[in-house]
1. Give a residue-ordered list of calculated ³J(HN,Hα) values for the range 72-78 (Karplus: 6.51 cos²θ - 1.76 cosθ + 1.60, θ = phi - 60°; whole Hz; x for Gly, Pro).
2. Compute, for residue 244, the solvent-accessible surface of its heavy atoms (probe 1.4 Å) with the complete set of protein chains present, and express it in square angstrom to the nearest 10.
3. Describe numerically, in nm with one decimal, the distance between label points set 7 Å from Cα along Cα→Cβ at residue 217 and at residue 36.
4. Can you give the local net charge around residue 123? Use residues other than it whose beta-carbon is closer than 10 angstrom to its beta-carbon, Lys and Arg +1, Asp and Glu -1.
5. For the range 26-104, with only Lys/Arg (+1) and Asp/Glu (-1) charged at the beta-carbon, what is the dipole magnitude about the Cα centre, in debye rounded to 20?
6. Determine the dipole magnitude for the range 186-253: charges of +1 sit on the beta-carbon of Lys and Arg, -1 on that of Asp and Glu, nothing else is charged, the reference point is the Cα centre, and the result goes in debye to the nearest 20.
7. Under a 5 Å amide H to amide H cut-off, with H placed in plane at 1.01 Å, what residues pair with residue 146 once short-range neighbours are removed?
8. What GluC sites (Glu not before Pro) does the range 127-200 have in DSSP loop regions with at most 13 other beta carbons within 10 Å?
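The values are calculated or read from the model by the stated rules, or taken from the named source; none is laboratory data. Worth saying up front: this structure is predicted, and the values here are computed from it rather than measured. Cβ: placed from backbone, ideal geometry, glycine included. Neighbour counts: every protein chain shown. SASA here: full protein model, heavy atoms, side chains in, ligands and nucleic acids out. Shrake-Rupley method; radii C 1.70, N 1.55, O 1.52, S 1.80 Å.
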Amino acid sequence: MGLRKVLITGISGLVGAVIREGLKSEYEITGVDLVSCEDAPTLVADSINLTDILPAFEDVDTVVDLASEPSNFAPWDVIHKNNLACTYNALEASRLSGVGRVIFASSNHATGMYEEDKPYSEIVSGNYGEVDLENFPFITTDMPIRPDGPYGIGKAFGEAAGRFYSDRYGLSVLCMRIGTLNSESKPESPRQFATLLTHGDLVQLVRCCIEAPADLKYGIYYGVSNNKRRFWDIGNARDEIGYIPVDNAEYWR
């Protein structure tokens with residue numbers, strides 16, 4: 001029996017590179033992107049065109065959907081033209097091709113407006129003296145979405161579209177609300193001591209999503225390392241998919 005086939009859309013970006021490198025020995029990884037990837041067979045195509053990307057989804061077990069404009073500062077016209085179409089097409093291509101699971105790269109920006117409320121506003125600014133760090137409510141995936149801009153709106157759309165494809169077509173869709181992932185894999189600002197997701201913990205999170213039970217049809221999980229100052233709850237990720245991050249941004253304090 002061969003390796004499980006995993007397609008990564010947007011494979012050439014930072015997140016795609018981290019996942020590809022971390023999981024290439026465990027799965028048969030392919031990609032679809034605007035540019036070719038030297039490390040994995042890649043269909044060069046634009047994900048805003050469903051017909052063009054469909055061949056990449058043939059005989060694939062799991063799709064990790066990263067294809068989008070990655071900047072959370074992108075204006076609405078870019079998000080509307082690019083991100084919404086890319087996300088919808090990944091789900092539709094998966095449905096048409098009989099893919100078992102889509103792992104959607106959502107974002108913490110789908111709930112970013114909570115960070116303007118106390119105590120989260122104090123934590124992200126590094127003003128820990130005004131916060132009871134041992135006793136404050138975590139932001140959970142059960143709480144209402146509160147996007148902090150067009151990028152976050154696009155990610156909230158993706159979560160909703162994934163729910164529809166799960167309910168209507170039985171596609172398993174697991175959404176990762178990715179925290180701060182950067183090339184250095186370490187905090188670079190006060191906020192990132194709370195929001196950092198290291199490369200190693202991202203790889204673990206994706207692996208947990210790939211290996212989660214087939215009957216898990218929908219889920220939303222915060223992608224964050226085990227940071228001392230984190231304010232996103234990862235209890236459901238631990239209980240449902242076995243995600244137990246090992247890194248802590250305090251290492252770099």
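1. 3J(HN,Hα) across the range 72-78, in whole Hz: 6, 9, 5, x, 4, 5, 6.
2. Its accessible surface works out to 100 Å², give or take rounding.
3. In this crude spin-label approximation the distance works out to 4.2 nm.
4. Summing Lys/Arg as +1 and Asp/Glu as -1 gives +1.
5. The calculation lands at about 360 debye.
6. The calculation lands at about 300 debye.
7. 111, 112, 113
8. In loop regions of the range 127-200 (DSSP not H, G, I, E or B), the sparsely surrounded GluC sites (Glu not before Pro) are 134, 184, 188.
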